[in-house]
Amino acid sequence: MKRALFVLAAVLLSFAVAAPAFARGAGEKEGGIKIGLSFAEFEVERWAREKDKMIALALEAGASGVVCQVANNDANLQNSQIENMVAEGVKAIIIVAVDGQAAGTAVDAASRSGVACIAYDRLIKSSNLAAYITFDNIEVGRQEALGVLDGVKKGNFALLGGSPTDNNAYLVRKGQMLVLQPLIDNGDITIVGDQFVDGWSQEKALTIVENMLTANQNRIDAVVASNDSTGLGAVGALAAQGLARKVPVSGQDCTAAACAAIAEGTFTVSVFKDINLLAPKAVEIALALAQGKPLQGMSSRSLAFLSPLRNARDRLLKP
Ligand code: BGC
């Protein structure tokens, strides 16, 4: 069986949508600083943890309140939720976009109303974005591919990309191909299936890999999946064909389920990204921008990529 591998890649519940969660600061006063949190979904484990952390940190740092909404992967709903937050008087919004293109419309409108928007983890394509903070997603993809190659170096590989509306899906794929392309070119690896998975859905990934297995008479030697949910979907399809533990599978996030699967031997590599570094930075940026304060170490248009594994200097725009 392939060696279980955790890779450290970064320093750096779905609930009803109707009513926004609103957390009040202990000393809420009229006219205090309110910020907004707009999440794409809470299906993937990390996001609810980041929500809790950000709310706690913002209140601790003196915010008078935090308005939080989740869009259940619906880009139109997310835009109207952002619009409502602006109407409620938030001064900055941290956004995990469902669709990096579509969210640009809401960001443009919010910024016309003087509200600073911070793209969190996922890029939003708007020149009115106040800040973008993320991990080194290309490095994540590279580590995923390297982790799979630790198990199998040649043969038929299947690729599972992330959500086509999430820019991270393309960055992660770019990193994977940096590792895989030379091996494809020299004939060691043949790509026998390649699909991006709507909403990074585990269920959809399972169906996709089932179809890939059928199309290839089960001859798939490795699955380079882009995160833990898509990877675990692949494990489900492989297990049904008696191939779990035989085929290396990758992911990222180190979710509890993926870590359990690594311990069990059905999952090969999950790339760890420490949200304890990303979430506090985002709150710090949001509160500074909400109060019109300069950002420490970067301008309000800086892009921050946080990564310990390699020097991301070439991708870090200094003030
Ligand atoms: C994040 C991943 C996450 C995925 C699905 C991506 O944008 O970078 O950490 O697994 O979204 O939520």
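Worth pointing out:
- Average silhouette area of the stretch 237-295, convex hull of alpha-carbon atoms, in square nanometres: 5.3 nm²
- Sparsely packed loop sites in the stretch 78-148 (the GluC sites (Glu not before Pro) outside DSSP H, G, I, E and B with at most 15 other Cβ atoms within 10 Å) comprise Glu88.
- Annotation: average projected area of the stretch 56-107 is 3.7 square nanometres, based on the convex hull of Cα atoms across all directions.
- Here the residues Thr230, Thr190, ranked from fewest to most Cβ neighbours within 10 Å of their Cβ, fall in the order Thr190, Thr230.
- FRET efficiency, Gln181 to Ala56 (Cβ-Cβ, R0 35 Å, nearest 0.05): 0.20
- Exposure proxy ranking, count of Cβ atoms within 10 Å, fewest first, for Phe267, Phe39: Phe39, Phe267
- Going by neighbour counts of Cβ atoms within 10 Å, the residues Thr165, Thr105 line up, fewest first, as Thr105, Thr165.
- Spin-label pair Ala263/Arg49, simplified geometry with 7 Å Cα→Cβ offset, distance in nm: 1.4 nm
- The value obtained for the stretch 157-233, namely the Cα convex hull volume divided by the number of residues, is 76 Å³ per residue.
- Net charge of the neighbourhood of Asn72, taken over other residues with C-beta under 9 Å away and scored Lys/Arg +1, Asp/Glu -1, is -3.
- The stretch 74-213, Cα convex hull volume normalised per residue, Å³: 108 Å³
- 13 Å reach of a label modelled at Asn276, 7 Å along Cα-to-Cβ, counting backbone N of the stretch 87-106: none
- Annotation for the stretch 97-155 versus the stretch 212-250: alpha-carbon center distance of 26 Å.
- Cross-link table Lys91/Lys281; Lys51/Lys125; Lys53/Lys281; Lys125/Lys204, entries beyond 19 Å C-alpha to C-alpha: Lys51/Lys125; Lys125/Lys204
- Based on the Stokes-Einstein relation at 25 °C and a viscosity of 0.890 mPa s, and on the Kirkwood radius from alpha carbon pairs, the stretch 111-183 is assigned a translational diffusion coefficient of 176 µm²/s.
Every read-out reported here was derived from the displayed coordinates using simple, explicitly stated rules and does not represent laboratory data. The structure presented is a predicted model; accordingly, all values stated were derived computationally and were not measured. Because the Cβ atoms are built from the backbone with ideal geometry, glycine has one as well, and the counts that use them run over all protein chains shown.
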